[in-house]
């Protein structure tokens, strides 16, 4: 079951593309966080979505929001993906236990072994203020990010 607006977002600890451990609680009281779950690194729609974020990253920076992209790929895959696409934001590996963070947020697709496309915008206090979810083959609208960031 997915978390709902107004609820406390589940904490997690995942490795980013540099092997650093990142937790949601690292940002509590400091800055809002945008979690971007995506099915798989190097896939067409996922790459396109994250490159659109990369190319418009100033929108997140102007809101002082931490952007964390998350898939079930390993930190080694995430490192290559982030390097190839020049992502300056953290790309996290929800690799083991497989999809545990996606499961905590209610966006893991058991039959496929991946997360669906889902975005969660969390305020400085760790409360979910916005979310939008699409199916794996349906890209998110970038305009939804702008609307959601206005809430933090």
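Data for the structure
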quantity	calculated
Per-region count, segment 1-12, residues at pLDDT 95 or above and either part of a strand (DSSP E or B) or crowded, with 16+ Cβ neighbours inside 10 Å (or both)	4
Condition met for residue 39 (within 19 Å of residue 136 (Cα to Cα) and either surrounded by 14 or more Cβ atoms within 10 Å (Cβ to Cβ) or at pLDDT 95 or above (or both))	yes
Residue count for segment 13-42, restricted to those that are part of a helix (DSSP H, G or I), touching a residue at least 60 places away in the same chain (Cβ under 8 Å) and either farther than 13 Å from residue 121 by Cα or in contact with a helix residue (DSSP H, G or I) (Cβ under 8 Å, 6 or more places away or on another chain) (or both)	1
Tally, over segment 110-152, of residues that are free of Cβ contacts under 8 Å to residues at least 40 places away in the same chain and either touching a helix residue (DSSP H, G or I) at 6+ places or on another chain (Cβ under 7 Å) or surrounded by 15 or more Cβ atoms within 10 Å (Cβ to Cβ) (or both)	3
Flag for residue 50 being surrounded by 21 or more Cβ atoms within 10 Å (Cβ to Cβ) and in a helix (DSSP H, G or I)	yes
Strands (runs of 3 or more DSSP E) (entirely within segment 75-140) containing at least 1 residues that are within 15 Å of the chain's Cα centre (by Cα) and closer than 16 Å to residue 52 by Cα	90-93, 117-122
Failed condition for residue 68, given (1) under 24 Å from residue 15 (Cβ atoms); (2) part of a helix (DSSP H, G or I); (3) at pLDDT 95 or above	(2)
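The values are calculated or read from the model by the stated rules, or taken from the named source; none is laboratory data. Every value quoted in this text rests on a predicted model; they were computed, and no experiment measured them. Here Cβ is always computed from backbone atoms with ideal geometry, including for glycine, and neighbour counts include all displayed protein chains.
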